[in-house]
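Enquirer: The structure under discussion is supplied below as structure tokens; questions concerning it will follow.
The values are calculated or read from the model by the stated rules, or taken from the named source; none is laboratory data. Predicted model, so just to flag it, every value in this text is computed and none were measured. Here the Cβ is made from the backbone with ideal geometry for all residues, glycine too, and neighbour counts use every protein chain on show. The accessibility values were calculated without ligands, DNA or RNA, using every heavy atom of the protein model including side chains. Shrake-Rupley method; radii C 1.70, N 1.55, O 1.52, S 1.80 Å.
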Amino acid sequence: MSTIFRPYNSSSGQRSDRSAGDRLRHRQKVREAIRNNIADIIAEESIIGKDKNRIIKVPIRGVKEYRFIYGENAPGVGQGGDGEPKPGDVVGQGKDGKAGHQAGDRPGVDYYETDVSLDELIDLMFEDLELPDIERKRLRQIEIERQFRQKGFRRKGIRVRLDKKRTARSRVKRKKASIKHHPGAAQPQRFPFHEDDLRYHHTITDTRNESNAVVLCIMDTSGSMDTMKKYLARSFFFLLYQFLCTRYQNVEIVFIAHHTEAHEVTEEEFFHKGESGGTFISSGYNKALEIIEQRYHPALWNVYVFHCSDGDNFESDNEAALKAAQQITETANLFGYGEIKPLGSGYYGSSMITFFSQLQAANFQTVQIQKKEDIWNSFKTFLSKDRAREDAA
Amino acid sequence: MAAEFTIEDLERWNEKIIKLVEHFGLDPFPQEFEVCDHEDMLSYMVYSGMPSHYPHWSYGKNFEKLKTLYEYGVSGLPYEMVINSNPSIAYLMRDNSLALQVLTIAHVYGHNDFFKNNFTFRSTRAEYTIETFKSHANRVRHYVEDPSIGLDKVEAILDAAHALSLQCRRNLAIKKPSAEEELKMKMAESQPPTDPFGSIHRRRETTQPDLNKVPLYPDEDLLTFIRDHNRQFADWEKDLLTIVHEQAQYFVPQIETKIMNEGWASFWHKRILEALELPQELHLEFLVRHTQVLRPSPGSLNPYHVGMKIWEDIERRWDHPSVDEIEEFGPRKKNGREKLFEVREVERDASFLRRYLTEELIRELNLFEYKSRGNEQVVSRVADDENWREIKETQSHPAAQARSRRARSPARICRKNVKIYPPALGTRHRHGHRPG
């Protein structure tokens with residue numbers, strides 16, 4: 001009888017990472033599953049103001065392999081340890097048994113979580129979104145840096161940019177030349193690489209022009225905005241902010257907080273500071289208009305305005321608000337109004353959505369946010385590419 | 001970690017082991033050993049030890065899972081892995097100690113002998129194993145690359161087929177009748193049996209069999225049934241079902257002989273290593289490893305332990321039957337060795353347990369039967385005078401065997417080739433099993 005031993009081959013060239021393709025495919029499926037669950041994740045996790053490197057656990061249900069298995073009905077046989085097992089002894093827990101108490105002999109449910117950093121998650125979330133109807137504006141254009149375009153070769157460079165093919169080629173050239181130069185001379189056994197053979201890719205940073213854009217975030221911070229409503233509004237703006245930072249490097253963002261008066265605030269204040277007072281929605285709009293007029297002329301800028309409020313406006317201000325909103329729609333590319341009416345808040349104030357329905361403008365959009373799960377949907381309503389296309393059609 | 005042995009060491013020990021293998025009368029396929037590292041081992045585990053296997057995302061998922069478990073030290077890797085093919089291929093982990101390698105080499109020959117000689121493996125065509133899997137891989141890749149089919153469609157079929165792949169016949173030694181044979185059987189059944197007292201009985205009426213019924217007889221092979229009866233399927237879809245079915249069929253004998261097979265390999269590695277005159281240090285390590293693998297696992301069932309106990313009991317009962325046993329069964333016509341080889345050839349787990357798991361053994365192994373009650377598993381029967389038969393019946397039932405297979409090792413045992421796990425790890429932490 002013959003036996004063959006095949007020794008371990010440690011040279012990396014011979015070894016293949018055979019599961020690479022299947023792992024890649026699995027990861028694609030995981031990504032897809034995450035994308036489908038984003039609304040849940042955003043609702044469950046308080047991602048607002050969190051560090052970008054934070055790891056979020058995402059439950060994955062989409063990548064299961066289904067099988068028929070034996071149930072728990074049929075009896076099984078086990079082996080006793082020390083001592084005699086007696087009828088009635090409990091030997092294990094069922095599937096929903098609490099873990100940790102005792103090592104169960106049941107297999108786990110095929111359900112697992114994957115870790116995703118917030119950064120990655122945001123990437124995934126915003127894949128299909130964009131600022132709609134961005135127009136080419138005259139004059140000042142923002143320069144956007146797109147880095148690392150390969151252009152040409154250099155003799156000096158860093159290791160990762162080494163062009164192996166070109167390097168090998170120049171070595172061959174040098175070898176040919178040396179044979180030609182010393183005909184008949186004894187050829188050395190080896191002809192090693194010389195530093196002069198090395199060739200590196202050269203990269204240049206590429207710049208591209210993009211139209212100017214400014215996004216104005218207006219939030220109602222009046223007394224009627226309770227903790228829950230503020231939370232929803234901030235979640236929405238946080239997503240918006242993340243989206244802009246991720247996808248548009250040079251978009252300017254303006255934060256406006258209003259109650260009866262409106263102020264331009266910093267990002268920090270906008271997301272963290274609480275205020276109180278009555279509500280004049282028009283104050284926020286007028287402030288926005290004022291800023292637009294002073295700094296962002298619509299001829300040069302794409303203007304996007306988003307406003308979150310509970311719609312509980314002071315009755316006498318409604319007309320003024322409508323007028324200001326009308327003006328905003330005339331200057332802005334998109335004016336989005338999100339009305340926050342948490343379910344079961346027990347208090348139904350007036351709704352601006354009904355009131356704003358008088359406003360007939362294609363670039364004016366309203367959504368109602370009732371619960372955490374709505375945030376993502378409302379966000380998508382405002383920014384999805386599909387929306388832009390529908391409008392175009 | 002550098003290996004603490006050389007290939008020459010392994011070859012030297014292997015020669016000695018082979019001498020003993022031949023001396024004991026084992027009859028394995030030619031054997032090939034491949035020394036690999038833990039990454040390779042993970043890959044082999046995921047792809048059932050096959051050098052070539054068709055791609056599917058579930059293997060990627062499994063790889064990631066095993067790798068994570070391994071890297072966090074939750075579960076260990078098998079000491080070796082051996083596949084049923086001719087020549088048989090086994091993988092040895094290079095980080096293992098020499099004693100462990102010697103033990104696993106001996107263990108592998110046990111499995112190899114079992115693969116070659118047990119009747120359930122006749123259907124697997126070991127000579128073509130590698131080629132079959134390679135051909136499956138090529139065909140699946142071909143469909144994936146075909147622009148009119150593509151990955152998504154192939155995956156949809158494979159996902160569904162995997163779910164049903166083990167819904168198939170389990171005793172492949174029973175020939176499956178062809179369509180014509182089934183028709184004939186149906187016709188023959190409808191004829192009344194010849195009645196010796198026909199002259200005095202009233203003539204029975206012949207009932208016309210319903211030959212349009214599909215299927216004529218219940219069919220256990222769901223995948224092939226679907227393949228043959230769904231007219232919507234294109235050829236490539238049928239072929240994918242065939243591929244998944246054939247692979248499942250290849251693994252069925254291993255599923256059906258887990259306890260026998262592991263017991264047999266453990267029984268022989270113990271014999272071989274005891275006869276090998278190991279130097280002291282190797283011998284002590286062998287004893288430790290052997291005990292770790294073979295120790296009973298209270299609450300579940302260790303197939304290595306139960307299997308080996310039964311084999312040892314068979315040998316004892318035929319070599320040195322007690323007075324009672326001679327009285328009950330008559331004098332033995334075969335000696336222990338002959339009986340062992342006969343049993344390894346003609347039994348599978350269900351029949352093996354039914355015939356050779358004796359009352360005394362059930363007591364000795366301290367087996368009990370458990371049932372689900374609410375959310376707990378509760379001992380329902382222990383091995384006393386009234387109940388040992390029922391325990392045996394339960395264990396011989398496929399569901400119980402599926403469970404004991406599952407209970408042992410941390411992953412996908414059902415589609416897996418046999419292997420030994422480091423038991424200090426692995427048995428306690430289990431995540432997301434493939435059901436057996």
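Enquirer: FRET efficiency for B:ARG122 and A:ALA74, Cβ-Cβ distance as r, R0 = 30 Å, nearest 0.05? Show your work: numbers first, answer last.
Expert: Values: r = 29 Å, r/R0 = 0.98.
Computed FRET efficiency for B:ARG122 and A:ALA74: 0.55.
Enquirer: Show the residues, 5+ positions off or on another chain, whose built amide H is closer than 5 Å to the amide H of B:VAL35.
Expert: When sequence neighbours closer than 5 places are left aside, the close amide H contacts are A:ARG6, A:TYR8, B:LEU92.
Enquirer: Taking 7 Å along the Cα-to-C-beta vector as the label spot, tell me the B:LEU183-B:GLU131 distance in nanometres, rounded to one decimal.
Expert: A separation of 3.3 nm, rounded to one decimal place.
Enquirer: With charges only on Cβ, +1 for K and R and -1 for D and E, what is the dipole size of the stretch A:211-392 about its Cα centre, in debye, rounded to 20? Provide the component values of the computation, followed by the final result.
Expert: On the way: 15 positive and 23 negative charges, 124 e Å.
So the magnitude is around 600 debye.
Enquirer: Which of B:ARG125, B:ARG231, B:ARG316 moves the most in a Gaussian network model of chain B with Cα springs under 10 Å?
Expert: Comparing B:ARG125, B:ARG231, B:ARG316 in the GNM, the peak value goes to B:ARG231.
Enquirer: Apply the Karplus parameterisation 6.51 cos²θ - 1.76 cosθ + 1.60, with θ equal to phi minus 60°, to every residue of the stretch A:319-327 and state each ³J(HN,Hα) to the nearest whole Hz, in sequence, with x for glycine and proline.
Expert: 4, 4, 4, 4, 5, 5, 4, 4, 5
Enquirer: Determine the per residue accessible area of the stretch B:6-139 with all protein chains present and a 1.4 angstrom probe, expressed in square angstrom.
Expert: Details: 4080 Å² over 134 residues.
Averaged over the residues of the stretch B:6-139, the accessible area is 30 Å².
Enquirer: For the pair A:GLU127 and A:GLU264, what calculated FRET efficiency results from E = 1/(1 + (r/R0)^6), where r is the Cβ-Cβ distance and R0 = 35 Å, to the nearest 0.05?
Expert: FRET efficiency, A:GLU264 to A:GLU127: 0.65.
Enquirer: For a quick check: with amide H placed at 1.01 Å from N, whose amide H comes under 5 Å from A:GLN368's, ignoring anything fewer than 5 positions away on the same chain?
Expert: When sequence neighbours closer than 5 places are left aside, the close amide H contacts are A:GLU339.
Enquirer: Counting only other chains, and only Cβ atoms inside 10 Å, what mean value do you get across the residues of B:363-373?
Expert: Working: counts 1, 0, 3, 8, 5, 11, 6, 11, 5, 9, 4.
Mean shielding by partner chains, rounded to a whole number: 6.
Enquirer: Once A and B are treated as a pair rather than alone, how much accessible area drops out, both sides summed, in Å² to 100, probe 1.4 Å?
Expert: Details: alone 25360 and 22410 Å², together 41130 Å².
Counting both chains, the buried surface is close to 6600 Å².
Enquirer: In sequence order, what are the phi-derived ³J(HN,Hα) couplings for the stretch A:225-233 according to the Karplus relation 6.51 cos²θ - 1.76 cosθ + 1.60 with θ = phi - 60°, rounded to whole Hz, with x for glycine and proline?
Expert: 7, 6, 4, 4, 5, 4, 4, 5, 5
Enquirer: Rounded to the nearest percent, how much of the accessible area of the stretch A:211-392 (1.4 Å probe, protein heavy atoms only) is carbon and sulfur?
Expert: That fraction is 48 percent.
Enquirer: When the accessible area of chain B is split by element with a 1.4 Å probe, what percent falls to carbon and sulfur?
Expert: Details: 9840 of 19320 Å².
About 51 percent, which is the carbon plus sulfur part of the accessible surface.
Enquirer: Quick one: if you stick a label point 7 Å off each Cα along the C-beta vector at A:ASP119 and B:HIS142, how many nm between them?
Expert: Roughly 4.5 nm, to one decimal.
Enquirer: Over the stretch B:1-148, how many percent of alpha carbon pairs lie in each 10 Å bin up to the one with the longest distance?
Expert: With 10 Å bins starting at 0, P(r) equals 10, 34, 34, 18, 4, 1.
Enquirer: Quick check: net charge around A:ASP310, other residues with Cβ under 15 Å of its Cβ, Lys/Arg +1 and Asp/Glu -1? Present the calculation step by step, with values, prior to reporting the outcome.
Expert: Values: positive: A:LYS229, A:LYS230, A:ARG234, A:LYS341, A:LYS371; negative: A:ASP220, A:ASP226, A:GLU275, A:ASP312, A:GLU315, A:ASP317, A:GLU339, A:ASP374.
The answer is -3.
Enquirer: While we're looking at this one, here's another question. Per-residue Cβ counts within 10 Å, from other chains only, averaged over B:158-165: what number is that? Intermediate results must be reported in sequence, preceding the final value.
Expert: Working: counts 0, 3, 1, 0, 3, 4, 3, 2.
Across the residues of B:158-165, the mean count of other-chain Cβ atoms within 10 Å is 2.
Enquirer: May I pose another question? Please work out, to two decimal places, the log10 of the ratio I(q)/I(0) at q = 0.11, 0.24, 0.25 Å⁻¹ from a Debye calculation in which every Cα of the stretch B:214-304 carries one identical scatterer.
Expert: -0.59, -1.17, -1.20
Enquirer: From the backbone phi of the stretch B:165-172, what are the Karplus-calculated ³J(HN,Hα) couplings (6.51 cos²θ - 1.76 cosθ + 1.60, θ = phi - 60°) in whole Hz, Gly and Pro given as x?
Expert: Those phi angles translate into 4, 8, 7, 9, 5, 9, 10, 7 Hz.
Enquirer: Other chains' Cβ within 10 Å of B:35-41 residues: what's the mean? If you can, show how the numbers build up before the last one.
Expert: On the way: counts 5, 4, 4, 0, 3, 5, 0.
Per residue, the average neighbour count from other chains is 3.
Enquirer: 5 Å is the cut-off here: which amide hydrogens, built 1.01 Å from N in the peptide plane, fall below it relative to B:GLU376, excluding neighbours closer than 5 in sequence?
Expert: A:GLY94
Enquirer: If you build a Gaussian network model of chain B, linking Cα atoms that sit under 10 Å apart, which residue out of B:GLN167, B:GLN247, B:GLN280 swings the most?
Expert: Highest fluctuation among the options: B:GLN280.
Enquirer: Rounded, prolate or oblate, given the Cα gyration tensor of the stretch A:211-392, with a/c below 1.5 counting as rounded?
Expert: On the way: a/c = 1.30, a/b = 1.24, b/c = 1.05.
The shape class here is rounded.
Enquirer: Okay, next question. Counting only other residues whose beta carbon sits under 15 Å from that of B:THR206, what net charge do I get with K and R as +1, D and E as -1?
Expert: Numbers: positive: B:LYS186, B:ARG202, B:ARG203, B:ARG204; negative: B:GLU189, B:ASP195, B:GLU205, B:ASP210.
After counting each charged neighbour, the total is 0.
Enquirer: With a 1.4 Å probe and every protein chain left in place, work out the accessible area per residue of the stretch B:160-209 in Å², rounded to a whole number.
Expert: Values: 3980 Å² over 50 residues.
Result: 80 Å² of accessible area for each residue.
Enquirer: Between A:PHE193 and B:GLU393, what FRET efficiency comes out of the Förster formula 1/(1 + (r/R0)^6) with R0 = 51 Å and r the beta carbon distance, rounded to 0.05?
Expert: Working: r = 74 Å, r/R0 = 1.46.
Calculated value: 0.10.
Enquirer: Which one of B:THR394, B:THR129, B:THR104 has the biggest mean-square fluctuation once chain B is modelled by GNM with Cα springs under 10 Å?
Expert: B:THR394
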